[in-house]
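Single-structure report; data block below.
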Amino acid sequence: MCGIVGYIGNKEKKQIILDGLKELEYRGYDSAGLAVMKGLELDFFKAVGKLENLTNKCASFESEGYGFAIGHTRWATHGKATEINAHPHLGEYSCVIHNGIIENYKEIKDKLEKNGISFLSQTDTEVIVKLFEFYAKDLNAFEAFKHTVKELKGAFAILLLSKKDQNKVFFAKNAAPLIIGRNSQNELFFASADSPLVGLSEEVIYLEDLSFGYANKDELVIYENDELKNKSFSKLLSDKSYAKKDGFRFFMEKEIYEQSRVLSEVLMGRVNGDEVIFDELENEDLSDINEITLCACGTSYHAALASAYLFERIAKIKAKVEIASEFRYREAIISKNSLFIVISQSGETADTLEALKIAKEKGARTFAVCNVDNSSIVRLAHLSLLTRAGIEKGVASTKAFATQVLTLWMLAIFMAQKKNQNLNDEIKALLHIPNCVVVTQKLHDKIHRISKRYLDGHGFFYIGRDVFYPLALEGALKLKELSYLHAEGYPAGEMKHGPIALADSKLYTIALMPKNMLYEKTKSNVEELIARDSTLLSISPLEFDLSDDFIRTTEQEHYMCEFFEMMLITQLLAMEISIRLGNDVDMPRNLAKSVTVE
Ligand code: M6R
């Protein structure tokens with residue numbers, strides 16, 4: 001999704017902006033741009049496609065000496081990915097970059113057009129700079145900016161430069177992240193995520209919604225809800241090791257291989273003997289919770305679905321699952337004594353964040369299971385557990401999903417403990433999980449070999465039962481994100497109610513057939529597909545003669561151990577198919593890492 005970087009200082013500004021945008025590249029974008037202001041000189045550059053194109057465009061431009069710079073990667077929402085639609089958007093003497101969506105941009109545009117102001121782009125963003133200059137005719141720059149921000153509806157993180165007051169960067173934030181960083185050399189930075197700030201800033205301020213203000217080397221003025229605030233900086237806690245591929249071909253591959261270590265870290269300090277402990281929940285009484293609603297998007301939604309089986313089976317608590325974008329506009333009933341859990345890797349997904357706000361407004365007790373500390377979702381929820389996946393750069397989520405499922409399973413056990421159940425088998429299985437996701441050379445080679453037979457076909461059905469149904473959904477999502485082939489996840493028992501009509505030799509079935517969860521039932525469903533000539537890749541510890549291809553998993557005692565091993569296989573399969581098809585594994589087309597628009 002769109003990315004924002006800004007800089008105030010003496011160094012080569014262009015390079016700082018390009019380096020910062022590079023850090024945000026993994027989030028997905030289709031054009032980029034930057035602007036530099038030094039005194040009354042305002043230069044800007046834009047390019048469609050990769051950052052390389054922008055770098056080439058401004059190759060001969062130099063920007064040493066005190067000044068201001070802003071940069072943006074755009075993921076198209078209003079208008080195609082063209083140079084005109086790329087940010088910064090220009091007025092006569094100002095320019096702006098923006099993340100989010102201005103919902104009332106049409107009304108603003110109509111009003112300005114009636115006043116003789118014309119527009120170049122199809123974007124919602126251009127209205128910001130035009131509205132600013134409209135007000136700046138009669139007001140000083142900050143007043144004009146304030147009036148502009150107050151008129152905007154929707155989600156926005158904004159940086160604006162103007163020759164009307166060439167000694168300031170104006171900023172505003174609502175429902176889209178914006179962070180201000182500072183270092184000991186008194187340089188200031190802006191970014192829409194931590195990563196561009198790491199190594200440059202020592203301290204940060206995470207702006208709250210409805211914030212706006214301005215900054216230069218001597219002043220940082222922040223208003224929240226119209227009130228002048230004296231915000232203090234906090235230490236930026238991150239390092240740069242995530243930015244290296246460590247010899248892997250792709251970040252996604254590195255992240256798949258990392259899962260064993262990462263899952264050990266999820267468990268670290270949280271299992272004591274035969275008990276799950278969460279320091280974060282030490283003083284919380286969850287004993288009155290009799291219903292859980294889980295709410296998320298995409299992969300995180302699949303983790304929610306899997307965990308709903310676990311909350312009901314292990315903790316004996318009624319659990320239902322909501323897709324955040326649906327929940328937002330439904331008149332959902334949230335009962336007393338229910339816990340509303342949102343799950344998000346980034347902590348910034350607009351739909352999930354809004355769902356959380358709604359649940360909170362309705363009086364629910366809210367809980368975030370999230371990978372990013374200090375993210376909007378973590379800050380808003382009453383309680384939170386961090387999933388400890390580390391920074392995930394591959395757009396297609398892998399280790400984040402693994403950590404979400406493990407954390408939620410632990411939470412189910414934690415809540416079950418309050419009911420004095422014998423949970424020894426669960427704890428034993430939990431501790432074994434890091435061993436289930438070790439990638440061996442033999443396994444990876446086998447998946448690589450098999451992948452060559454699955455590069456076409458008219459569709460893939462991933463099928464499974466119980467928690468293996470959400471895993472089937474996730475396996476199918478991974479395949480379609482990376483290969484652009486059509487894939488669906490289905491409950492194995494549901495195929496006969498319609499989808500089986502598609503079965504023929506060019507319909508590929510990927511069957512998740514664990515030994516410890518409804519094996520015979522799944523087998524019968526698979527046989528129904530075989531009888532209709534579907535091509536079958538089965539993943540199971542038990543040999544299955546009818547398979548066209550077979551990946552043998554380890555004999556395990558607990559179905560969750562099988563779940564994690566099968567998860568690993570589906571991730572590697574999607575990646576190997578994508579590599580064979582020549583696709584960009586880390587940045588699949590049309591996708592963004594963090595979806596901060598509706
Ligand atoms: O950051 P979140 O977990 O809230 O993101 C939700 C989805 O956008 C995300 O899981 C998406 O589906 C991924 N591309 C999946 O690989």
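The values are calculated or read from the model by the stated rules, or taken from the named source; none is laboratory data. Every value quoted in this text rests on a predicted model; they were computed, and no experiment measured them. Backbone-built Cβ (ideal geometry, glycine too); neighbour counts: all protein chains shown. Areas reflect the complete protein model, heavy atoms only, side chains present, ligands, DNA and RNA absent. Shrake-Rupley method; radii C 1.70, N 1.55, O 1.52, S 1.80 Å.
Are there any strands (runs of 3 or more DSSP E) wholly within the range 502-560 with 3 or more residues that are assigned by TED's automatic domain parsing to the domain that holds residue 456 and either more than 23 Å from residue 440 (Cα to Cα) or of a type outside the set (A, V, I, L, M, F, W, C) (or both), and if so which?
In the range 502-560, the matching strands (runs of 3 or more DSSP E) lie at 507-512, 535-540.
Just one of 544, 550 is away from the ligand (no atom under 16 Å from the Cβ), modelled with pLDDT of 95 or more and either open to solvent by 10 Å² or more (accessible area, probe 1.4 Å) or not β-branched (Val, Ile, Thr) (or both); which is it?
Just a single option satisfies the conditions, and that option is 550.
Being in contact with a strand residue (DSSP E or B) (Cβ under 9 Å, 6 or more places away or on another chain), crowded, with 22+ Cβ neighbours inside 10 Å and among the basic types (Lys, Arg) is true for just one of 46, 38. Which residue is that?
Of 46, 38, the one residue that is in contact with a strand residue (DSSP E or B) (Cβ under 9 Å, 6 or more places away or on another chain), crowded, with 22+ Cβ neighbours inside 10 Å and among the basic types (Lys, Arg) is 46.
For the range 115-144, which residues satisfy the criterion of being under 32 Å from the mean Cα position of the chain (by Cα) and among the aliphatic types (A, V, I, L, M)?
Correct list: 120, 127, 128, 129, 131.
Among 457, 475, 489, which is open to solvent by less than 70 Å² (accessible area, probe 1.4 Å), in the same structural domain as residue 538 (by TED's automatic domain parsing) and in a loop (DSSP other than H, G, I, E, B)?
457
In this structure, does residue 268 turn out to be out of contact with any helix residue (DSSP H, G or I) (no Cβ under 7 Å at 6 or more places or on another chain) and over 26 Å from residue 69 (Cα atoms)?
Judged against the criteria, residue 268 is a match.
Could you tell me whether any residue of the range 439-453 is within 16 Å of the ligand (Cβ to nearest atom), touching a strand residue (DSSP E or B) at 6+ places or on another chain (Cβ under 9 Å) and in a loop (DSSP other than H, G, I, E, B)?
There is no residue in the range 439-453 that is within 16 Å of the ligand (Cβ to nearest atom), touching a strand residue (DSSP E or B) at 6+ places or on another chain (Cβ under 9 Å) and in a loop (DSSP other than H, G, I, E, B).
Checking residue 426 against (1) modelled with pLDDT under 95; (2) more than 15 Å from the ligand (Cβ to nearest atom), which test does it fail?
Unmet condition: (1).
What helices (runs of 4 or more DSSP H), lying completely within the range 314-417, carry at least 3 residues that are under 19 Å from the mean Cα position of the chain (by Cα) and crowded, with 24+ Cβ neighbours inside 10 Å?
Because the criterion is at least 3 residues that are under 19 Å from the mean Cα position of the chain (by Cα) and crowded, with 24+ Cβ neighbours inside 10 Å, the helices (runs of 4 or more DSSP H) in the range 314-417 that meet it are 350-361, 399-417.
Return the only residue of 399, 357, 393, 336 being within 16 Å of the ligand (Cβ to nearest atom) and modelled with pLDDT under 90.
393
Counting only residues that are open to solvent by 10 Å² or more (accessible area, probe 1.4 Å) and of a type in the set (S, T, N, Q), which one in the range 84-120 is farthest from residue 176 (Cα to Cα)?
Filtering the range 84-120 for residues that are open to solvent by 10 Å² or more (accessible area, probe 1.4 Å) and of a type in the set (S, T, N, Q), the one farthest from residue 176 (Cα to Cα) comes out as 115.
Take the residues in the range 289-302 that are buried (at least 22 other Cβ atoms within 10 Å of the Cβ) and under 17 Å from residue 317 (Cα atoms), then tell me which one is nearest to the ligand (Cβ to nearest atom).
295
Scan the range 454-494 for residues that are within 16 Å of residue 506 (Cα to Cα), more than 16 Å from the ligand (Cβ to nearest atom) and of a type in the set (Asp, Glu) and report the count.
Matching residues across the range 454-494 total 1.
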